[in-house]
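Beneath this line is the structure, given in structure tokens, with notes to follow.
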Amino acid sequence: MKKNEILEEILNEVDKHPEIMSRREALKYLSVSPMAASILAGATVGATTASASSAKGKIVIVGGGLAGMSTAARLNNTLSDADITVIEPDPLSVSYQPGQTLVGAGIWDVSDIQYKRDDYLPSGVKLIKGSVTAFDPENNSVTVDGSKEISYDHMVIATGLMLNYGAIKGLEGVITSSGKDNASVKQKVGKNGVHSIYFAEGATATWKGIEELVAKAKAHKGPKKLQAVFTHPNTPIKCGGAPKKIMYLTNARLEEAGVRDKVELTFYPNGGKMFGVPEYHEAILQQYKDRGFKWHYAHNLVEIDTDSKVATFNHHWKEKGEWDEDLEEYGIELKSELVEVPYDFIHITPPMKAPEVVANSAIGSSKGWVPVTKETLRHVKFDNVWCLGDVAAVPMGKTGGSARKQYAVLVDNMVASMEGKSLPSKYAGYTVCPLITSIGTVMLAEFNWTKKPTPSFPLDPTKERWIWWLLKVYALKPMTIHGMLSGRA
Amino acid sequence: MIKQISTIALATAAFIALTGCSGEKKATEVKTYKYSTTEVYEKSCSKCHGMNGEGNPLKKTPALNDRTAGEMAQDLYDIKNGGTNQSSGTDHDIMEHNMQKLVDKGYDYDINSMAEYMSKLSKK
């Protein structure tokens, strides 16, 4: 894609919301900002194409979402004699999931994020439209749809993860973000004030839910405020910032309607902090205080009664235990209680887990996620198996931004391994969270396993800026869809 | 002129960072530890988890010799950092507390080196 085509696409997006930023303003920012120039460069220049290799072998990629399809494209670009098969059942697998927050807040339409698997299959790569139902890594084969056996020399696992709504009592269903088989979840989620942006249709419904909340707030009388509740579960989740982003955006919509004082917004995370990186934790706390948000740590949503509109949380804490002579300290005891919270609006971030077929096979682990050496992304037990994206047991790494770093590392290492060389590339845990803090501002939280901010730009990364809104809302999608899915950036 | 140079530098830095063509930044800090990995295990970990990492049902301490090094590294990372996600918390509340106390006493270690050591325990 040419630079001016991407620019035109960005400006077309900007045109849809002149109230946020006019085309003239956007052009001004884009022309004076070296960052914008670099974004365009990053999306257009094939600067990162790995050197060509004549290594041979049959490669099977299980899962054709963003991680799997980008890996297929990059391997296809790199190997002169590529034999690659992608196995993927979902026709909308490459949809742009980071946009679901924006759909939930009524800034984008669901059609803005839907992308078709078949349009992004790299030329020459074979596609099997089915699901892997069994892994047999000892014999280098997988089974598709219970019957067809496919063998491989090298395998990449990129199945993604499952949204486990059913783990919450009162809800049902274990689904993916764009799969059509989500009827069980939709029985209770997406109506009556119960919402979740984590699946695409749920995101569309969330915007209706926010509009309903605004209408309810406008009609609301009396001193008691309406209650808007936002949850964060006790499992690793994709896009760790989204539970907060939708809270910021709900806040923005309430402010815009002039009814913010009618609603109390409260965050209930299972963990005890806002962010693993202290600098970002402090910045978010300040943003919460500035907006009058409330928060209660160590609360995990375990049950919801959608008729009486009550959410039940497991609140847990530690108490001083008995003297431990081995530790030479007092130990701790874990305590917990159930807390009932009435809501008018609740945004649920579901618990997440690896697909059963992965978790229950030899390639999985006790926690389900595929165990890899986190720096090389090679499986800890099988040298010809590689894994990336949401299903990999990699700390912090379940975002499109980390997949963008991972797929380059994985392809470098996999090709070297096919050539019988030592592994040249290391992933350092880079993740990016463009934390939307209002309509028009974003804090670009970039970090890695050192748990220190690792900004790409020489600007204070704890500040909310319009330039990151431009990046998040207008530039990251073209970068992902045109740059990453073609295996180039 | 200075402004122009800084703009070019900024653009170059941003370009490199976003496209990732320079690879990851190298960590410049090198951490040193009071005890070697073996010493930490033998002086501290072994008291509760056993010399062979077999665990101790009486103390409700889990075995450590049932995982590959890669899997153990994930667990150690989770324990030392109080979880691996933004606000999800950790699966190891008790050990997170204990580990903090042990690190304060000087029993700190490199995660990959300790994971490697523990994965070989059962084979001794």
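What follows is calculated from the coordinates using simple rules that are stated; it is not laboratory data. Remember, it's a predicted structure, so these values are computed and weren't measured experimentally. Methodologically, a virtual Cβ is constructed for each residue, glycine included, from the backbone with ideal geometry; neighbour enumeration extends over all protein chains shown.
Taking the DSSP bridge list for segment A:165-352 and keeping only pairs wholly inside it, about 55 percent are antiparallel. About the centre of its Cα atoms, segment A:165-352 shows a dipole size close to 1360 debye [charges on the beta carbon of Lys, Arg (+1) and Asp, Glu (-1) only; nearest 20 debye].
Angle between the Cα long axis of helix A:242-256 and the longest principal axis of chain A, 0 to 90 degrees, nearest 10? Compared with the principal axis, the helix lies near 40 degrees. In chain A, the longest principal axis of the Cα atoms and the axis of helix A:200-219 are about 10 degrees apart. Think of it as helices only: each DSSP H run of n ≥ 4 in the protein assembly as shown is worth -39500 (n - 2.57), and spread over all residues that comes to -9500 deg cm²/dmol at 222 nm.
Can you classify segment A:165-352 as rounded, prolate or oblate using the Cα gyration tensor, where a ≥ b ≥ c are the square roots of its eigenvalues, rounded means a/c under 1.5, and otherwise it's prolate if a/b beats b/c and oblate if not? Taking the square roots of the gyration eigenvalues as a ≥ b ≥ c, segment A:165-352 is prolate. Looking only at segment A:401-436, which residues have a backbone nitrogen under 14 Å from a spot 7 Å from the Cα of A:E255 in the C-beta direction? The answer is A:436. Check the straight Cα-Cα distances from A:K188 and name the aspartates and glutamates below 19 Å, setting aside those fewer than 8 residues away within the same chain. Excluding near neighbours in sequence, the set is A:E172, A:E201, A:E211, A:E212, A:E303, A:D305, A:D307, A:E340, A:D344.
Taking Cα centre as origin and charging only the Cβ of basic (Lys, Arg, +1) and acidic (Asp, Glu, -1) residues, the dipole magnitude of segment B:34-123 rounds to 320 debye. The mean number of partner chain beta-carbon atoms within 10 angstrom of a residue's beta-carbon across peptide A:403-412 is 1.
Placing pseudo-labels 7 Å out from each Cα toward the beta carbon at A:L11 and A:D326 gives an inter-label distance of 6.9 nm. Where a ≥ b ≥ c are the square roots of the eigenvalues of the C-alpha gyration tensor, would you call the protein assembly as shown rounded, which needs a/c under 1.5, or, failing that, prolate if a/b is larger than b/c, or oblate? Rounded is the answer for the protein assembly as shown, as its axis ratio a/c remains below 1.5.
Between A:D383 and B:E116, the FRET efficiency estimated from the beta carbon spacing at R0 = 22 angstrom works out to 0.85. When the trypsin sites (Lys or Arg not before Pro) in segment A:115-200 are filtered for DSSP coil states and for at most 13 other beta-carbon atoms within 10 Å of their beta-carbon, the remaining sites are A:K116, A:K180. Placing pseudo-labels 7 Å out from each Cα toward the beta carbon at A:S336 and A:R24 gives an inter-label distance of 5.8 nm. List the lysines whose Cα sits under 20 Å from the Cα of A:K405, skipping any in the same chain fewer than 8 residues away. Excluding near neighbours in sequence, the set is A:K238, A:K374, A:K426, A:K451, A:K452, A:K472, A:K477, B:K25, B:K26. For A:K208, a cut-off of 13 angstrom between C-alpha atoms picks up these aspartates and glutamates, skipping any fewer than 8 places away in its own chain: A:D109.
Loop sites here are GluC sites (Glu not before Pro) outside DSSP states H, G, I, E and B with no more than 13 other Cβ atoms within 10 Å. The longest part of chain A free of them is A:20-324. Here the protein assembly as shown is treated with +1 on each Lys and Arg Cβ and -1 on each Asp and Glu Cβ, and its dipole about the Cα centre works out to around 1280 debye. Farthest toward the positive end of the dipole of segment A:75-139, out of A:S131, A:N76, A:L121, is the Cα of A:L121, where the dipole comes from beta carbon charges about the Cα centre.
Potential lengthening of the chain between A:D153 and A:K56 amounts to 34.0 nm, from the contour at 0.36 nm per residue minus the alpha-carbon distance. Per-residue mean of foreign Cβ neighbours for B:93-101 is 4 (Cβ atoms of other chains, 10 Å radius). Taking the Cα atoms only, what angle lies between the long axis of helix A:3-16 and the longest principal axis of chain A, rounded to 10 degrees? It is inclined by approximately 20 degrees.
Which residues in segment B:64-107 have a backbone N closer than 20 Å to a point placed 7 Å from the Cα of A:E319 along the Cα-to-Cβ line? Once the point is set 7 Å along Cα→Cβ of A:E319, B:93-98 turn out to lie under 20 Å by backbone N, inside segment B:64-107. Would segment B:34-123 count as rounded, prolate or oblate if I go by the C-alpha gyration tensor, calling it rounded below 1.5 in a/c and otherwise prolate when a/b exceeds b/c, oblate otherwise? Rounded shape, in that the Cα axes give a/c under 1.5.
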